[in-house]
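Read the structure below first, then the notes.
Every number here is computed from the coordinates shown, using simple stated rules; none is lab data. On a predicted model such as this, the values are computed, not experimentally measured, just so you know. Here the Cβ is made from the backbone with ideal geometry for all residues, glycine too, and neighbour counts use every protein chain on show.
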Amino acid sequence: MPPQPDTLDLVPDAHAVAGATQWLEEIAERDAWSPKLSFGLTLSLDEALTNIVSYAFDDPAKAGSPPSVTLICHQEAEWVTLEIVDNGRPHDPTKVPPPPLAESLDDATIGGHGVRLMLHYLQDLRYERRDDRNRLTLVIRAA
């Protein structure tokens, strides 16, 4: 039987990203993750959660339930999976094409490159909308 996953419930506010990354860094230390694994998953969590906090909850007063985010992290054999579940508006980041890469630093624009950056570190990035919740799953090789 696989071990119980680690979970964290968050209010998607200005403190959510810092609290989530600290939680993940504590798991990484406890489970002796490699620096590459820890950095890649923490960076990907930061990117995804920053976008959720910034854009998923346009008007909390109109929401049927209070804004919430739950993180679920588990490791099985050679894989670590981090699921980010939120009740914000539907958005599938895997379907948004990244902007073209700039020819030079002067031509570069800010924003839109998060999924490209995440996929550099992750082996898989999946999205589904189920039970009025977004479910973004980040998968990275542990070994």
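Some points to look at:
- Neighbourhood charge, 12 Å Cβ-Cβ cut-off, centred on Trp79 and excluding it, Lys, Arg +1 and Asp, Glu -1: -2
- Taking θ as phi - 60° and the Karplus parameters 6.51, -1.76 and 1.60, the scalar couplings of segment 5-21 work out to x, 7, 10, 9, 9, 10, 8, x, 10, 5, 9, 4, 5, 5, x, 5, 5 Hz in sequence order, x denoting glycine and proline.
- Order of Ile72, Ile140 - criterion: other Cβ atoms within 10 Å of each residue's Cβ, fewest first: Ile72, Ile140
- Under 15 Å, Cβ to Cβ, from Gly40 - net charge with Lys/Arg +1 and Asp/Glu -1: -3
- All other residues whose Cβ lies under 13 angstrom from that of Asp132 are scored, Lys and Arg at +1 and Asp and Glu at -1, for a net of +2.
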